[in-house]
Amino acid sequence: MLYLDCWNNPFVSSFVIAKLANLLSQDEKLSNPLGKRPLTGEATGRAAQRPKRAAAAVQRYSAPVTSRMRSVLGLLGPSVVTGAADDDPCAIGTYAKTGAAFGFSLLWMVPLVFPMIAASVYLSSKIGMVSGMGIAGVLRNYYSRWLLYPVIAALLVANIIGAAADIGAIAASLRLIMPIPASLIIIAVTFLIIGMLTWGTYSRLQKTFKWLALALFAYVGAGFLANPDWTVVGMGTALPRLRLNADYLGMIVAMIGTSLSPYLFFWQASQEVEEEMAIGRHHVWQRRGASDHELRYAAFDVNAGMIFSCLIIYFIVVCTAATLFRAGQHNIDSAYAAAQALRPLAGRAAAWLFAAGVVGVGILAVPVLTTGPAYALAEAFDWKHSLDHRPEHARQFYAVIIVSTLVAMGLNFVGINPIHALFWAGVVEGLLTPPLLLMIMLITNNPEIMGKHVNSRALNVLGWLSTATTSAAAVGLIWSWIR
C-alpha cells in the first residue's frame, strides 16, 4: 500500500521518470560517444513479422518539427523536388512535342492533370508519414511479397532507361552552350551525380535539389521570350477541344502517363521517412502515426510542389507552341531538338534558357530515378538505407544507386537508340502506374495501416479518378497497338 501511494504521488513519479530518462541518455552517450546517427530505423524497421497494432495507435515520439521552416526554401518540403523531378528532360521532350504538334489546343490538359498528380503524391506522402515506412516496406509487411517483386523489377528497368535518356539529354543540351564532346560530358555528369549521392548528407542534398529545381523557371522566361498571343493561350487553357483522331488522343495519353510517373510515388513516400529521420525519429515506432497538423502541412507542401510542376509544364507547351508550331516544325522528338530548333525562331537567349532548364533539372532527376528503386529494394529485402548513412554503413543501398547510374551511363555508349529506349520505358511506366495506384488506394483505405487517417470521401474520389484515368490511358495504349 505504501508503495502504491508513493507511486501515485505525482512528485515521486516525476522524479523516478526523470532519473530513468537520465540513465538512458547516459547509456546512449556511452554507447555512441561520437554522436553519430544510429543505423537503426530503416523504413521497414527491420521487422521480422507483421505488426499487430494499427499504425496510428502506436505511441509516437514528439520531436520538434519546426527546424524545416527556418528559411524560405526550408518552408518547402520534399514535394518541390518531387514536382521538379516530374519535369525531367524526358518529360520536357514530351511536353515540347505537345506544343510543337498541337499548338495551344492541349493547354487545358494541365489544370485537368493537376488534381490527379496532387492527390496521388499526397497519398504517397501519407503512407510514409502514417506508417513510418515507404511503399515497398508497407507492401512487404502487410501484403504478399510476390506482389512487390514484379513492381520493383519493372520500376528498376524503366528508371535506368529514363536516367540514361536524361544523362544523354544533359550532355546534348550542354553542347548547345559549350563545345565539349558529349562522351566527356556524359562521364563527368555521371560521376558528379554519384559523388553527390554517396558523400552528401540528406539535408545537403535536399538543399541542392531545391536550388536545382529553380532552373525550371527558365521555361517561364523562355515562354515570355517566345512572345505568344495570350488571348489564344487563354482560349486553349479554358476551352477544351477534343479531336477524335489517334495522334491527338495518343498525346493526351502521353501527357497523363508522363505526369503520373510511378517512380514519384516511391520517392515521395521514402522522402517523408527521411524527413522524419532527419528530425530524430530513427525508429519505425517513432514515425508511425501523424498529427492533423503534420498532414495539413504535407497537403500544403504537395500542392505547392505540384503547382510548380504544372506551371513549368504549361510554359513548356506555351513556348514550343508559340514558336515551333507556328513555324510548322511539328516533329520534335526530344528536349534537345526543341532547344536547337528554338534558336533561330525565338533567339539565342530562349534556346539557352531551354537548354539550361534541361541541365539543371536533369542533374536533379537522375538521382531521383536511381535512388527511388534503391529505396524500394532496400525495404523489400530489409537492407540498411538512408541518404544520411555513409556508403560503408548501407552497402547494398548505395550499390544499387551506383550500379544503376553506371548502367544508365553505359547505355549512352552501346548504340541503343535513346528515343526508342525512352518510348519503351514510358510504356513500362504507363502500364505500371494503374496497378500501383490501385495498391496505394488499398493501402490508404486500410485502417490496420492508416488508423484513423484512412482517406476522406473527397480524397477517395480524386484517388479513384486518377486510377481510372491512368487505367483508361493504359487500355488506350494497348488498343492503339492491336487495332
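Tabulated values for the structure
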| read-out | value |
| --- | --- |
| Any hit, the stretch 104-113, residues being of a type in the set (Gly, Ala, Ser) and within 27 Å of Tyr297 (Cα to Cα) | no |
| Every residue from the stretch 352-401 that is among the small types (Gly, Ala, Ser), buried (at least 24 other Cβ atoms within 10 Å of the Cβ) and closer than 30 Å to Thr320 by Cα | Ala355, Gly357, Gly362, Ala365 |
| Inter-residue pairs, beta-carbon under 8 Å, first at positive phi and in the stretch 224-253, second in a helix (DSSP H, G or I), 6+ apart | Asn227/Ala322; Asn227/Ala346 |
| Counted residues, the stretch 281-337 - those being under 21 Å from the mean Cα position of the chain (by Cα) and either under 17 Å from Ala218 (Cβ atoms) or modelled with pLDDT of 85 or more (or both) | 24 |
| Qualifying position, being out of contact with any helix residue (DSSP H, G or I) (no Cβ under 9 Å at 6 or more places or on another chain), closer than 20 Å to Ala322 by Cβ and of a type outside the set (Ser, Thr, Tyr), among Leu239, Leu216, Leu225 | Leu239 |
| The stretch 429-457 residues that are within 13 Å of Leu155 (Cβ to Cβ), paired with ones that are of a type in the set (Ser, Thr, Tyr) (beta carbon under 7 Å, 6 or more apart) | Glu429/Ser261; Thr433/Thr470 |
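Results for (1) modelled with pLDDT under 95; (2) part of a helix (DSSP H, G or I); (3) hydrophobic (A, V, I, L, M, F, W, C); (4) at negative phi, shown as yes or no for each residue.
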{"site": "Leu406", "(1), (2), (3), (4)": "no, yes, yes, yes"}
{"site": "Ile416", "(1), (2), (3), (4)": "yes, no, yes, yes"}
{"site": "Leu422", "(1), (2), (3), (4)": "yes, yes, yes, yes"}
{"site": "Pro434", "(1), (2), (3), (4)": "yes, yes, no, yes"}
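The values are calculated or read from the model by the stated rules, or taken from the named source; none is laboratory data. Predicted model, so just to flag it, every value in this text is computed and none were measured. Here Cβ is always computed from backbone atoms with ideal geometry, including for glycine, and neighbour counts include all displayed protein chains.
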